[in-house]
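Here's the structure we're looking at; comments come further down.
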Amino acid sequence: QVQLVESGGGLVQPGGSLRLSCAGSGTGFSTYAMGWSRQAPGKQREFVAGITSGGTTNYADSVKGRFTISRDGAKNTVFFQMNSLKPEDTAVYYCYLYTGPNRYWGQGTQVTVSS
């Protein structure tokens, strides 16, 4: 059974940084793509960043140059370094694991950017 647990969210001022982590339990994580999506109040969940098993990354245009996704295959963990945060980055951030047939989600972690 796949489980994903996010951590690292919180309140930060505009221009600040946060680092999110997502720890997975189960087998075979290193062979699957993982990533982050977010959902702001009143909006649909949107893709933010992804990383393949080979380490190829892609980002939504809104976060390119500010956010960096990485993974530690040995520890089944994906990281998300968020710099130069803006108020519009405020959302619940969800980690996901994509196996092809299925997509698994974590419970989400709140990120609030406000002065």
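The values are calculated or read from the model by the stated rules, or taken from the named source; none is laboratory data. Only a predicted model underlies this, so the values are computations on that prediction, with no experimental measurement involved. We place every Cβ from the backbone using ideal geometry, glycine too, and count neighbours over all the protein chains shown. Side chains are part of the model used for accessible areas, which takes the heavy atoms of the whole protein and leaves out ligands, DNA and RNA. Shrake-Rupley method; radii C 1.70, N 1.55, O 1.52, S 1.80 Å.
Listed values, structure above:
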quantity: Selection count where residues are polar (S, T, N, Q), modelled with pLDDT under 95 and farther than 19 Å from Gly8 by Cβ, scope segment 50-89; calculated: 2
quantity: Tally, over segment 42-52, of residues that are loosely packed, with under 13 Cβ neighbours inside 10 Å and outside any loop (DSSP other than H, G, I, E, B); calculated: 1
quantity: Test: Arg19 is open to solvent by 60 Å² or more (accessible area, probe 1.4 Å), under 11 Å from the mean Cα position of the chain (by Cα) and either of a type in the set (D, E, K, R) or under 15 Å from Thr109 (Cβ atoms) (or both); calculated: yes
quantity: Any hit, segment 26-41, residues being at pLDDT 95 or above, open to solvent by 30 Å² or more (accessible area, probe 1.4 Å) and within 14 Å of the chain's Cα centre (by Cα); calculated: yes
quantity: Residue identified as among the β-branched types (Val, Ile, Thr) and either buried (at least 21 other Cβ atoms within 10 Å of the Cβ) or under 20 Å from Gln3 (Cα atoms) (or both) among Thr99, Thr112, Thr57, Thr68; calculated: Thr99
